[in-house]
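For reference, the structure is listed below as C-alpha cells.
The values are calculated or read from the model by the stated rules, or taken from the named source; none is laboratory data. No experiment lies behind these values; they were computed from the predicted model shown. Glycine gets a Cβ as well: all are built from the backbone with ideal geometry, and neighbour counts include every protein chain shown. With ligands, DNA and RNA removed, areas are computed over all heavy atoms of the protein, side chains included. Shrake-Rupley method; radii C 1.70, N 1.55, O 1.52, S 1.80 Å.
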Amino acid sequence: MADDSVLRPDLALVLERITDGFFALDAQWRISYMNAEARKLLHAREDVLGVYWLDAFPKARGRLFEREYTRAMRDQRPVQFVEYSQTANRWFEVKAYPSLDGLSVYFRDVTARIEAQQEVERTARRQQALIDFGRTALSGGHLDALLSDAVDLVREALDASVIEVYDYEPQNACFALRYAAGWATGAAMEREFPALEHLRHAVESGEPFVSSDIRIESRARSLAPLAALGVLSCICVPIGSAREPLGAIVAFHPKPRTVSAVDVRFVEALAQTIAEAARTSESNRRIAQVLESIRDAFVAVGRDERITYVNARMAAFWGGEPVDFIGRPLAHFTEKFEDGGYGAARFRESLREDRPLTFEMPFRERWFEVRLYPYSDGVAAYVRDITRRKNEQQRMIALNVELERRVAERTKQLELANKELESFSYSVSHDLRAPLRAIDGFSQALVEDYAEALGDGGRGYLDRVRKAAQRMADLIDALLGLAKVARASIEMRPLDVTEIVREVAADLHDGDPCRDVEIEIETGMRASGEPGLVHAVFANLMGNAWKFTRLAERPKIRVGRTPEGEFFVADNGAGFDMAYSNKLFGAFQRLHAADDYEGTGIGLATVARIVHRHGGSVRADGAVGSGATFYFTLPAAKERVGLDEQQTVHPAG
C-alpha cells in the first residue's frame, strides 16, 4: 500500500503547502497520495490511501470526473475542466496530468466564482424576462394572459411551489382570489375570504411582506395553518401603490428560506408592470366605451397604415365586426371610395406633417366629414355622415339666391317708391302751398278791402281761416321734414354731444329770451352719429321740454346720460299720462290740446325715426303734472372721453 514515503520528502512538503487540493492515483486507480487541502475539501477519511478512488468517492461515478480522468490516462494528455462535486457540494476547477505510473490531480474550490457567474447569468435572464414581459404588457394583450405569464416567471425565478394573484377592491377594502397555481389536489381555497393579514400588510404599506417561516410569523398568524398544505415560507408583493392598490402577488415555498433582495426586486418589477398594464387596460376600456358611444364612426391607423382600432359604427359601415379589420391595410377600404386616392392621401399627409386635417367626401350618394388627428403611433379618424347638413346647405344656398333675387326686386321697388315720394314731396311743397297761399292772401284782401261790410263776425271767420291755412302750411313743412329724415343718408361721425346740447340750449334762449329756464347739462357726453340728425333729436326733445314747462313755477330741464349709457332729456313741466305712452311717437299724435300747447304732432315721430335709423331705441317716462323724461340710445363713440360732471346753464333774463 502506498504511503507518504512514495514521494520525496521535499516534494511532499511542497504539496502540503500549496493552496490547491492534490491527490495522486497509481496505474490501478488507487489513491497513492492526498494532501491536507484535498482531504479537507473532499471530506476524506484517514485511511483513504490505497483505496480505489471511486470506492472512496462513489458520487463521482458516471460523472465528468470519471470520464475526464479516464480520457487523460487513455490519451496520455492533460485535461482541465470545471465540475460540481456532489461529494464536497462545491464547484472545483480540475487539472489532471497523466503518466505511465498513474494520474496527478490538482483542483481548487471555485464555488464563489461559479456562483457569481451563475448569479450574473440569472440576473441577465431575469432582466431579459422582465423586458419581454414588459413588451408583452405594452402590446395590449389580455390581462389574464399577462398574469399567467407573470405566475410562470415567479415560479421559475423563486423556485416557488405555489403562486396566488389577488384583486383588491378599495371601496369595500376586500380581496378576491383571481389566480392560483400549485396547490395540491383537495386544498380548500376560500376565494372570497382568503387569509388576509399578509395581503393587508402589503397593500396598506405598499411594501413587500416576506416571511421565512410562516409557522412562527407573528405579523400574519392566519398563515400558520397553510403549513399543513406543504408550504412554509412566503413573499407577498403589492400590485399598485399604497395610495392606489390594485391587488397582490403571493409566492409560497415548501421550505423555510430567506428571500434575497434580488428576488424581491424581481417580483416587484413584475407587479409594477402588471399594475401599469391594468391601468392601461382600464384606460383603454374607458376610451373604448367613449368611442363606442359617440355617434361618429372611428378608426385608428398605425404609421404602417394598418388599422389598429375601429368602433362598431365604423365596422358596420364597412360591413363586418371590429375584430375583422384589426391589422388590415387602410388602403383596402379607402380604394372603395372611388376618389382617386384623395382620402388615403389625406391620411398620409396628416401623418407626415403631424397636423390635424378635416375634409369632406361623397360616397354612395351620401356625404361624409372626416377629421384626422395624428398622435405618436399613428392617426385617429372620426367620420360623420353630413348628408343632411349638405342638403340643408344646398337648400340654404338656393334660399339665399331666391332671397337675393327678392331683395333686388324689392330694392328696385323701393327705389321707385322713393322716386314717387320725392315727386309727392315736390307736389306737396309746390302744388299744395299755392292754394294755401291763395286762401291766405284772398282772406287778407277781404279783411283789408271789405272790413266794414264783413262786420266783426266776418272778420273773425276770416281770421280763423287764415290761422287754419297757416297751420296746414306748418303741417306740410313737418311732413316734408319727416320724409327728409326717412331719406337722408347717415354718415357716422364722432360727436361731442355736450356741445350739441349747448347749441340747442342757446337757440332756445335766443328764440324766447324773456323766459327764465334752468338747463342742466352733463359734460363729457360723446357718441357716434350724423351730426345734423342728432342735433334734430335734441332740438325736438329740448324744444318740447321748453314748451311744456311754460306753466311751471321754476322751470328746469336736465340733459345727461344714465349709467347704462342712455341719453335723457327731463323736465318738470306738464308731463303726460303713461296710459297713452304708446301714442307718443306716432305722427300727429298729441296728448295735449293745441290751444294749450302749440305744435304739429310730428316732433316725437321725427325723434323716433332718427334714433331707429341710428340703430338705437327710445322710450318715455312721465306723470301728469310731474314732468316727463325721454330716454334714447346712440352708437358709442370709438373713444370714450369725458367725466361724470354736470354744468348748469342759466339764460340771461
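Scanning the stretch 293-331 for residues that are part of a helix (DSSP H, G or I) and touching a residue at least 40 places away in the same chain (Cβ under 8 Å) yields MET314, PHE317. When the residues of the stretch 292-322 are filtered to those that are out of contact with any strand residue (DSSP E or B) (no Cβ under 7 Å at 6 or more places or on another chain) and at pLDDT 80 or above, the one that is least open to solvent (accessible area, probe 1.4 Å) is ALA315.
Considering the stretch 30-47, the residues that are within 16 Å of LEU103 (Cα to Cα) and in contact (Cβ under 8 Å) with a residue 60 or more places away in the chain include one that is least open to solvent (accessible area, probe 1.4 Å), namely ALA38. Can we say ALA251 is at pLDDT 90 or above and of a type outside the set (Phe, Trp, Tyr)? Judged against the criteria, ALA251 is a match. Taken over the stretch 380-412, the residue count meeting the criterion of being closer than 30 Å to ILE326 by Cβ and not polar (S, T, N, Q) is 7.
Out of GLY50, GLY21, GLY62, one residue alone is open to solvent by less than 30 Å² (accessible area, probe 1.4 Å), out of contact with any helix residue (DSSP H, G or I) (no Cβ under 9 Å at 6 or more places or on another chain) and among the small types (Gly, Ala, Ser). It is GLY50. Would you check if VAL231 is in contact with a Ser or Thr (Cβ under 9 Å, 6 or more places away or on another chain), assigned to a strand (DSSP E or B) and surrounded by 13 or more Cβ atoms within 10 Å (Cβ to Cβ)? Answer is no for this residue.
For the condition surrounded by 13 or more Cβ atoms within 10 Å (Cβ to Cβ) and within 19 Å of ALA36 (Cβ to Cβ), what is the one hit in TYR97, TYR106, TYR84? Break it down stepwise before answering.
Details: TYR97 fails: within 19 Å of ALA36 (Cβ to Cβ); TYR84 fails: within 19 Å of ALA36 (Cβ to Cβ).
Criteria check complete, one pass: TYR106.
Sort out which residues of the stretch 249-272 are part of a helix (DSSP H, G or I) and open to solvent by 30 Å² or more (accessible area, probe 1.4 Å), and write them in order of number. Of everything in the stretch 249-272, those that are part of a helix (DSSP H, G or I) and open to solvent by 30 Å² or more (accessible area, probe 1.4 Å) turn out to be ALA261, VAL262, ARG265, GLU268, ALA269, GLN272. Output the number of residues of the stretch 364-402 satisfying the condition of being open to solvent by less than 30 Å² (accessible area, probe 1.4 Å) and not in a strand (DSSP E or B). Residues in the stretch 364-402 being open to solvent by less than 30 Å² (accessible area, probe 1.4 Å) and not in a strand (DSSP E or B): 2 in total.
For the residues GLU93, GLU119, the requirement of being modelled with pLDDT of 95 or more and within 30 Å of ASP159 (Cα to Cα) singles out GLU93.
Select from the stretch 503-523 the residues that are of a type outside the set (Asp, Glu), within 18 Å of ALA570 (Cβ to Cβ) and surrounded by 15 or more Cβ atoms within 10 Å (Cβ to Cβ) and list them in ascending order.
Those that are of a type outside the set (Asp, Glu), within 18 Å of ALA570 (Cβ to Cβ) and surrounded by 15 or more Cβ atoms within 10 Å (Cβ to Cβ): VAL504, ALA505, LEU508, VAL517, ILE519, ILE521, THR523.
Note on the stretch 149-185: among residues that are over 26 Å from GLN128 (Cβ atoms) and touching a residue at least 60 places away in the same chain (Cβ under 8 Å), the one that is surrounded by the fewest Cβ atoms within 10 Å (Cβ to Cβ) is PRO170.
The single condition from (1) at pLDDT 85 or above; (2) touching a Gly at 6+ places or on another chain (Cβ under 9 Å); (3) at positive phi that GLY565 fails is (2). For the stretch 234-245, filtering for residues that are out of contact with any Phe, Trp or Tyr (no Cβ under 6 Å at 6 or more places or on another chain), more than 18 Å from THR136 (Cβ to Cβ) and part of a strand (DSSP E or B) leaves 4.
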